[in-house]
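Worksheet for the structure shown next.
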Amino acid sequence: MKKSILAASLALICATSLPSHAITYISAKAMLDVETGKLLKSPLISIDNGKIIAVQQNTKPTITEEDEYIQLPELTLVPGLMDMHVHLTSDPTVSRSERVGQSVPRMAVKAAHFAKITLEAGFTTVRNVGAPGYSVIALRDGINAGDVVGPRIWAAGPSLGITGGHCDNNRLPPELKYTADGVADGPWAVRVKVRENIKYGANAIKFCATGGVFSKGTKVGAQQYSLEEMQAIVSEAHRRDLPVAAHAHGTSGIKDAIKAGVDSVEHASFLDDEAIELALKHGTWLSMDIYNTEYTLAYGEQNGVDEENLNKERLVSKRQRDSFSRAVKAGVNMVFGTDAAIYPHGDNAKQFSRMVKFGMSELQAIQAATINSAKLLKMDTQLGQIKKGYAGDIIAVKGNPLNDISVLEQVPFVMKAGIVYKQ
């Protein structure tokens, strides 16, 4: 009898000493189910320790003193948005020549500033596809540790590229003998560079398969890495289960990147029928930045963009939008990628209306920035939906984004992992 009483007493003490998690409840006018496209009225979302534990309708919560109840009676809930192509260290208002003099620590400070702006714009997850000196990897770790505020980050580290290519720096005189962090030539050299990026914390890999718009002395459509080099990069990264992005404007570079097994092709400006068929066959994701051309052509000159780069942008812009329309019509996998840094950070959502203008439905555009991007990152059981078991990444907007997708450009409420960052 005494033993039973003692055991019961100990059990009661242990039960009362266990930490209790406060529940956060969110109610709203409606919630968008991005998987089905249905708008659910009067939702109640329950979040415990950063994760969604219940999604109900027409229900009022039972609140304890520790719980929090957020009521948004005029707003529509949407999963936290995801941008698969950003460069948080870069500022479009600073000219390329001026950036040459910026230190890596200075870039990291800028990245922290832009990360907060990006999160407050409703983007709770981003993939940073290239930054010098492992600066954004440090930022990602700082965000995870709670030192600074920002979205979840998949950070690629320095972008891989050939000597003198788009991912090198061709703006400095030869006597300085400068080579960008990610430059590597040949199959074994690129394997070493992938391993080096992983060593220093990269959880994604990016390489330049072709020339680009904003580099000096590269032809935007010309292939740079060979198929053999691309295959080495992809196999090395996939061995460690990291997603691989290929910067590729030109047709041959796009095709070889897909053949090499990349997870996503960035820009994909000059698609032909064969490239589209390859993307369909391999299930490759296309990340096409079809908004930023407007900013570049409107503000590039005053921001110090060289005429060479403006001319390349003029060459690419219409072709890329035509390619986007054809890819959407063909049913190619698409994710949301903006190249934020070519235009001001925080304006990411302006691309949604362009995606609709050039062929997507409103739901398809939202899916590109939610469930599709989560699939690309192999996080589709944890991110991209307001659903039981998923992270508490939730934004709220005024109106129905399926009727007017531009409402995503003004986000009054942002939550990441159950923590409110804007209300």
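Here, each number is a calculation from the coordinates, and none is a lab measurement. Every value quoted in this text rests on a predicted model; they were computed, and no experiment measured them. Note: ideal-geometry Cβ built from the backbone for every residue, glycine included; neighbour counts use all protein chains shown.
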Label-point gap, in nm, between VAL149 and ALA298 - each point 7 angstrom along Cα→Cβ: 2.7
The chain: relative contact order as a whole-number percent, Cα under 8 Å and 6+ apart: 18
Unit charges on C-beta of K, R, D, E only; dipole of the chain, Debye: 760
Cross-link pairs beyond the 27 Å C-alpha cut-off, checked among LYS110/LYS259; LYS219/LYS259; LYS312/LYS398; LYS51/LYS281: LYS110/LYS259; LYS312/LYS398; LYS51/LYS281
Net charge, VAL397 excluded, C-beta distance under 11 Å - Lys, Arg +1, Asp, Glu -1: -1
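Count charges around ARG314 for me, please; just the other residues with Cβ under 15 Å from its Cβ, Lys/Arg as +1, Asp/Glu as -1.
-2
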Mean projection area, nm², convex hull over Cα of the stretch 368-422: 4.1
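If packing is taken as the mean number of other Cβ atoms within 10 Å per residue, what is the order of 347-357, 277-287, highest first?
On the way: 347-357: 21.6, 277-287: 19.5.
Packing proxy ranking, top to bottom: 347-357, 277-287.
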Eligible aspartates and glutamates near LYS199 by straight Cα distance, threshold 13 Å, same-chain separation 8 or greater: GLU236
Convex hull of the stretch 181-323 built on C-alpha atoms - directionally averaged projected area, nm²: 8.6
Around HIS267: net Lys/Arg minus Asp/Glu count, Cβ-Cβ under 10 Å: -3
Extension gain (nm, one decimal) between THR62 and TYR178, 0.36 nm per residue minus Cα-Cα: 35.5 nm
Largest-first ellipsoid semi-axes for the chain, taking √(5λ) over the Cα gyration tensor eigenvalues, angstrom: 40, 25, 20
Anisotropy class of the stretch 25-64 from Cα gyration tensor, a/c 1.5 cut: oblate
Stokes-Einstein D for the stretch 73-183, Kirkwood Rh over Cα pairs, 4 °C, 1.567 mPa s (µm²/s): 86
